[in-house]
Amino acid sequence: MTDSTPKNIRRTIRQLCLIVVGMCCFVVALVPLYDLFCEVTGLNGKTGGPYVFDPAATTPDTSRLVKVNFITNTNAGMTWEFRPEKGAVRVHPGELREVNFYVKNTSDRVMVGQAIPSLTPGAAASYFHKTECFCFNNQVLQPGEEMAMPMRFIVGRELPKNVQSINLSYALFDVTDAMGDVGVTGG
């Protein structure tokens with residue numbers, strides 16, 4: 001052994017401590033970094049919760065139309081049929097619109113579904129407001145039951161003029177097992 005061995009051990013311990021601190025900082029920063037990545041790329045556009053619309057305070061911008069496309073899919077293991085009434089609608093920013101989504105439980109058991117929305121481009125997410133949406137609550141369907149589920153929305157007048165099309169996508173998940181027996185007896 002030489003005299004430099006204790007120095008080498010201290011230096012290695014110091015480097016390992018710095019690596020651990022760096023890893024902890026990375027873990028803490030991961031969620032904000034992911035949100036930033038989604039905002040920049042337009043992936044996983046999050047829509048907000050319920051929005052209160054005051055028609056007296058807003059007049060539609062009739063000088064332009066924005067196309068809103070509706071896309072639905074079901075997660076693996078979700079046997080329900082799920083589709084929008086219309087594939088797309090054209091709206092004036094500031095105008096309240098309603099569209100229906102149809103769902104049918106094709107299984108032979110009571111199931112609970114939860115729809116998760118995603119919106120692109122991400123820059124439009126803060127201008128897309130839902131006043132009513134089936135995605136705010138779990139949906140319980142009996143075997144063979146079908147239902148029309150309304151969604152009311154407003155595209156804000158402040159939407160940047162370069163955004164002419166918005167894609168609203170819903171992924172429907174089977175959350176029956178996560179719910180246990182709660183709410184699975186009703187329709």
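From the largest down, region 55-179 spans 50, 26, 23 angstrom on the principal axes of its Cα atoms. What is the set of long-range amide H partners of residue 166 at a cut-off below 5 Å, with H atoms built 1.01 Å from backbone N? The list, which skips near neighbours in sequence, is 67, 68, 69.
Values quoted throughout were computed directly from the atomic coordinates according to the rules given, and no laboratory measurement underlies them. Remember, it's a predicted structure, so these values are computed and weren't measured experimentally.
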